[in-house]
1. What is the Å³ per residue value for the convex hull set by the Cα atoms of the range 179-245?
2. Aspartates and glutamates within cross-link reach of Lys241: Cα-Cα under 16 Å, excluding same-chain residues under 8 positions apart?
3. What residues have an amide H closer than 5 Å to that of Thr195, excluding those fewer than 5 places away on the same chain, when H is modeled at 1.01 Å from N in the peptide plane?
4. For each pair in Lys188/Lys238; Lys112/Lys198; Lys89/Lys198; Lys112/Lys210; Lys100/Lys210; Lys89/Lys238, compute the distance between the two Cα atoms and list the pairs where it is over 19 Å.
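Throughout, read-outs are computed from the coordinates displayed, never taken from laboratory work. All of these numbers come straight from a predicted model, not from anything done at the bench.
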Amino acid sequence: MKRPFVSLSLVAIAIVMLQSCAGPQAITKLLPEREADKWLYGEAFLSDSIYGISYEIGFDRILDGCYLFDFHITNHSNLALVVDPAEFKCQSFDQLMNPKTAEIPAIDPEKKILQYDMGIAQNESVAKHHIGNVLVGIGAAIAANAIIGTDNPRNDNLRWAVTDGIMATAVTASDRAQFEAQDLRQLKDAWANNTIRKTTLDTNYAMHGKVFFPATPSAAYIKLFIPVDDQTLEFDFKQVKVPAQ
């Protein structure tokens, strides 16, 4: 008597699991914990200042497992300010404001750019290596044809079959490496041109750009810590998930 009940239960569970897997995932957003100080094209910004140095910070989106924030920094003090995103910190909390993680530093753009440079160099080396293989392969095919002799009319077919096969394999690998290097250059340029990088910000100057922090999907609250001289500015956000329709 229990078997039909168990079978129906398993079918129901399977249907629910399939529906949950097939459905669109919820969209994660970070909302300011207090009234936004500024809006820019639908993006809410929190602002705070100390010693004549002001920060405006707005959450943009989650990208590749990272929180992506827009930073606007203005130096109205009488001293130059060194802005270093590697010193910015992020910490996540649960619903009761118990820490889920320690303070985690922002992703350093210089390390990412170096990583892409290394990848580009490796792919360019692969491309050159495979182009060299094409030339060596053609030479080997010609030499093999010479050793076999030219009296046999099938030798020409053999020669071109070997040569074409080497060229097809090597050129395909070379093209792939070149395309990968090109993609890495685009990513490198994005990090170099769009992010906040370590900069000396002179008095009465401003700068803006993106800052990436590692994301914590299970967190309820996110706090950013921005050091300014001997003080620290804090910016609080609530993490919410908006169901996709």
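1. 182
2. The reachable aspartates and glutamates, counting only those whose Cα sits under 16 Å from Lys241, are Glu33, Asp60, Asp94.
3. Hits under the 5 Å cutoff: Lys210.
4. Lys188/Lys238; Lys100/Lys210
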